[in-house]
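Participant: Once you've had a glance at the structure underneath, I'll fire off some questions.
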Amino acid sequence: MFRKLLSVGGFTLLSRLTGFLRDVLMAAILGRGALSDAFLVAFRFPNWFRAIFGEGTINPAFLPRYAALHAKGEHEAAARFGDEVYSWQILTQAVLLVGALAAMPWIVRFTAPGFIGHPGQVELATTLSRITFPYLILTVVVVQLSAMLNAVQKFWAAAAWSNFLNLAMIATLLMAAWFPNAAFAAAWGVTLGGVLQLVFMLWAASRDGVWLRLRLPRWTPQIKEFFWAVGAVTFGTASITILPFVDTIIASFLPSGSLTALYYGDRINQLPLGVLGITLGTVLLPEMSTRLAQGDVTGSNAAQNRAASLALLLTLPFVLVFLLIPETIMRAIFAHGAFDRQAAAQAAVALAAYGVGLPAMVLVRITAASFYARHDTGTPARATVTAITANIAIKCGLVLGLGWGIGGIALGTALGAWVNVGMLVWFSKRAGHLTIQPILRRALLPILLAALLAGAGALGGVLLIEHPLLPIHFHGMWRDIASLGLATVLGAAGYGVAVLVFRRRLSLGR
């Protein structure tokens with residue numbers, strides 16, 4: 001078990017690092033403007049549909065059924081079920097691919113209507129989207145092979161394959177001079193990444209005796225049950241697909257480069273969110289499910305309270321830092337090459353606004369576990385619908401009414417996440433699922449103090465580097481890097497002192 005965790009964790013960390021390098025390089029080469037906006041629209045198309053047909057659907061709808069057949073020793077039935085799902089997926093994806101390629105000009109106009117007012121923008125986004133869209137059919141196969149490998153306790157390949165997209169895009173961006181422009185280089189990197197991912201997963205799966213074969217699609221009871229599960233899961237995770245779509249529509253009407261600034265602000269916010277949210281949600285759900293199955297309601301509530309305490313302890317410092325020094329962060333990381341300081345300043349606005357919702361984005365997974373552990377998927381879905389409605393209403397009010405631009409889009413996302421948490425807490429309290437225990441209450445003050453010290457240390461680090469009496473003076477890019485470096489050291493020191501002093505009240509046990 002420990003070796004598997006290390007393997008998955010190591011490859012996941014590697015994927016984060018290669019993705020970070022990809023974004024830094026993309027910012028330096030693509031910059032902020034018409035090219036980057038058009039590419040990001042093209043990049044989002046396959047990822048939108050991947051949210052419907054990819055991990056978010058395959059893992060909850062396909063993997064449990066495949067794993068159950070495999071665990072019973074019904075290997076032929078499991079293989080047949082995998083082949084049938086694969087055949088339906090390929091048929092669906094082929095129809096979708098042909099239709100999307102033909103209708104791409106209208107799809108771009110519908111999803112980014114603001115591009116119509118910029119000469120050549122729709123045509124560029126259409127061409128780039130036709131290059132990137134085949135990535136979807138490639139990655140759907142990869143995701144199913146990953147699920148099948150996970151079901152037979154083979155985890156490393158499923159954690160490693162996402163690196164190939166990052167590496168392929170890095171390679172094509174470095175060769176941008178051989179393409180019509182840098183946006184074409186990035187787009188072809190997406191499709192090349194999909195090809196490399198598929199080749200890698202076919203090799204890894206064959207090593208462990210896992211194969212996929214095309215069959216004549218048949219409407220069997222198992223397939224019917226699978227598609228019902230797909231529909232339920234898709235509805236429950238609607239925010240993943242609907243809200244980025246809404247963001248793109250609104251941002252397309254803003255000045256050129258707004259989509260790009262929004263993207264990079266979100267990418268930095270996703271660094272802690274991707275690690276903390278997934279980890280805590282993944283660990284908490286089976287813990288609560290097991291305790292509830294054993295009749296240990298108190299133990300289940302205690303696990304949830306500890307997870308909430310840990311979520312706040314790990315996310316609130318990021319909120320303070322993102323609010324206090326967002327420009328320093330964005331300048332030090334991205335303000336190189338074609339991505340200038342003005343672009344970094346715009347992205348910093350998005351980062352600060354996204355940061356407001358960071359704790360909520362993690363707490364959503366923790367509060368939703370109250371229902372998933374009891375096999376209730378309907379209540380979280382109702383909370384999601386309410387949150388989506390609030391999210392869109394807030395964005396329209398902030399952007400169209402108050403003219404807050406990308407800050408309004410990002411803040412709408414953040415406030416929508418808090419609405420989601422509020423609805424889940426209300427539903428949990430009404431159903432008697434949620435109990436706030438002393439373990440959480442006594443940790444709140446130390447958590448707040450740790451966050452304040454982290455923020456103060458980070459701000460102090462920036463002010464020290466910029467102080468005129470400092471014996472060593474940094475200039476330009478090096479000043480930004482030195483500021484972020486010292487901010488990180490002092491912020492971590494302040495945070496560490498608070499955690500060390502109040503470790504007993506924070507219940508940081510095994």
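Participant: Identify, please: which residue in segment 231-255 is part of a loop (DSSP other than H, G, I, E, B) and at pLDDT 80 or above and is, among those, farthest from LEU30 (Cα to Cα)?
Facilitator: Residue satisfying both the conditions and the ranking: PHE253.
Participant: Among the candidates ALA158, ALA183, single out the residue that is crowded, with 18+ Cβ neighbours inside 10 Å and modelled with pLDDT under 80.
Facilitator: Just one listed residue meets the conditions, ALA158.
Participant: Could you please tell me which pairs satisfy a Cβ distance under 8 Å, a separation of 6+ or placement on different chains, a first residue in segment 15-27 that is more than 18 Å from ARG331 (Cα to Cα), and a second residue that is small (Gly, Ala, Ser) and in a helix (DSSP H, G or I)?
Facilitator: If the second residue must be small (Gly, Ala, Ser) and in a helix (DSSP H, G or I), the pairs left are SER15/ALA159; SER15/ALA160; ARG16/GLY274.
Participant: Quick one: which helices (runs of 4 or more DSSP H) sit completely within segment 1-112 and have at least 1 residues that are at pLDDT below 70?
Facilitator: 2-30, 34-53, 63-71
Participant: Another question about this same structure. Scan segment 331-378 residue by residue and report those that are in contact with a Ser or Thr (Cβ under 7 Å, 6 or more places away or on another chain) and more than 29 Å from ALA487 (Cβ to Cβ).
Facilitator: Scanning segment 331-378 gives THR367, SER370, PHE371, ALA373.
Participant: Looking at VAL143, is it in contact with an Asp or Glu (Cβ under 7 Å, 6 or more places away or on another chain) and outside any loop (DSSP other than H, G, I, E, B)?
Facilitator: Yes.
Participant: Tally time: how many residues in segment 98-116 are touching a residue at least 60 places away in the same chain (Cβ under 8 Å) and among the β-branched types (Val, Ile, Thr)?
Facilitator: The number of residues fulfilling the criteria is 3.
Conditions (1) within 21 Å of the chain's Cα centre (by Cα); (2) β-branched (Val, Ile, Thr); (3) surrounded by fewer than 24 Cβ atoms within 10 Å (Cβ to Cβ), marked per residue:
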{"position": "ARG331", "(1), (2), (3)": "no, no, no"}
{"position": "ASP340", "(1), (2), (3)": "no, no, yes"}
{"position": "ALA348", "(1), (2), (3)": "yes, no, no"}
{"position": "VAL364", "(1), (2), (3)": "yes, yes, no"}
{"position": "ALA387", "(1), (2), (3)": "yes, no, no"}
{"position": "GLY397", "(1), (2), (3)": "no, no, yes"}
{"position": "ILE406", "(1), (2), (3)": "yes, yes, no"}
{"position": "THR413", "(1), (2), (3)": "yes, yes, no"}
{"position": "ALA431", "(1), (2), (3)": "no, no, yes"}
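Participant: Working carefully through the options LEU459, LEU400, LEU415, find the one that is within 30 Å of ALA482 (Cβ to Cβ), assigned to a helix (DSSP H, G or I) and among the hydrophobic types (A, V, I, L, M, F, W, C).
Facilitator: LEU459
The values are calculated or read from the model by the stated rules, or taken from the named source; none is laboratory data. Only a predicted model underlies this, so the values are computations on that prediction, with no experimental measurement involved. Positions of Cβ are backbone-derived with ideal geometry, glycine not excepted, and every protein chain shown enters the neighbour counts.
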